[in-house]
Amino acid sequence: MQSFAHFTPTPQKIVAQKPKTISSKEETTLPGYPHLHLSLSIGAVLQGSADPLEEAVHRADSLMYQAKAKKNAIVLEVGPLTLRERNLRQQRKRQILIVEFRNGESGLHVQHIRALTEKILDHLLEKTSDYKISAEEQDNIPLASALHDIGKITIDENILNKPGRLTKEEFEVIKTHCMQGANMLRRLENFEDEPLLQTAYDIARWHHERWDGRGYPDGLKGNDIPISAQIVSLADVYDALTSERCYKEAFSHETAMRMILNGECGAFNPLLLECLTDIQAELQKKL
Ligand SMILES: [Fe+2]
């Protein structure tokens, strides 16, 4: 599998040629290799003069994965982002960075979760087209993952930072952070018009659910749990195990993987466990 980026000063020409040159969505057999099939997925954006290159590349990359999920499709973002859209995106990123900063437990934890969420999500989209995740959602899920524990700001710090084992009652208090966080997000003025906040709501509310229905707060089961929350849940557990906390040492990557795969941290979607296993060489290097 190969992927590459192509930059052109004359995108109009490519867009105009698209129907003639790359309109086929059929798989192609390679000459001499009847069992090998060639497929093509393209994500393309037109970069405006004020559009930062890095952001345009990121959008093109997301669209390519969206195309891949649709199998051999071409997904083209017709125009560059308007100034308003770009400002909104920047603003969202800034808001989330502020939350990361205030959620002291874990500036680093939040960054790890975001990186890990992005990796698992990208790998999931390469593996299957079963989940319909739009390009916008692909952008939003890692960003929104930063807010997964936002409800913890309502929890008593003595419980949150308790070094020893929690009592049953204290654990019940901790468990309320999911609904607290979800309610905080839902109460935001622009919740109804803002897909990023809606994704953040799903993640905050359901990131402690488990595939077998034994999680909380709602006991959702299987794919009734939004895929965004399933991914963040797995990222959260992996990072919690491999990081030092006030109540525990950091486990090695191998121990963490063994515990997750053995079901010691609850049941996860088998496909996501495959994704985590597939990307583990990358995880060991660094997040
Ligand atoms: Fe949590």
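Extension gain, Q111 to Q280: 0.36 nm times the residue separation minus the Cα-Cα distance gives 59.1 nm. Please go through the residue pairs K152/K285; K127/K248; K119/K168; K119/K162; K168/K248 and name each one whose alpha carbons sit more than 28 Å apart in this structure. The answer is K152/K285; K127/K248; K119/K168; K119/K162. With θ taken as phi - 60° and the Karplus curve 6.51 cos²θ - 1.76 cosθ + 1.60 applied, the whole-hertz 3J(HN,Hα) list for segment 120-130 is 5, 4, 4, 5, 4, 5, 6, 7, 8, 10, 5 Hz, x standing for glycine and proline. The string of couplings for segment 258-264 from the Karplus curve (6.51, -1.76, 1.60, θ = phi - 60°) is 4, 5, 5, 5, 6, x, 6 Hz, one whole number per residue in order, with x for Gly and Pro.
The string of couplings for segment 217-230 from the Karplus curve (6.51, -1.76, 1.60, θ = phi - 60°) is x, 10, x, 5, 10, x, 7, 5, 7, x, 4, 4, 5, 5 Hz, one whole number per residue in order, with x for Gly and Pro. Our note on the geometry: Cα centres of segment 137-171 and segment 249-273, 20 Å apart.
On the principal axes of its alpha-carbon atoms, segment 115-170 has extents of 43, 19, 18 Å, going from largest to smallest.
Sorted from greatest to least, the principal axis extents spanned by the alpha carbons of segment 143-273 come out as 43, 37, 24 Å.
Subtracting the Cα-Cα distance of L53 and R214 from 0.36 nm times their residue separation leaves 53.5 nm of extension gain. Amide hydrogen proximity for K221: with H placed 1.01 Å from N in the peptide plane, no residue at 5 or more positions away or on another chain lies under 5 Å.
Taking label positions 7 Å along the Cα-Cβ direction at both L261 and R245, the computed distance is 2.3 nm, reported to one decimal.
Annotation: amide H of F268 within the under-5 Å range of W211, sequence separation 5 or more or interchain, hydrogens built in the peptide plane.
Only the coordinates and a few stated rules stand behind these numbers; no lab work does. Only a predicted model underlies this, so the values are computations on that prediction, with no experimental measurement involved. Ideal geometry is used to build each Cβ from the backbone, glycine not excepted, and the neighbour counts take in all protein chains shown.
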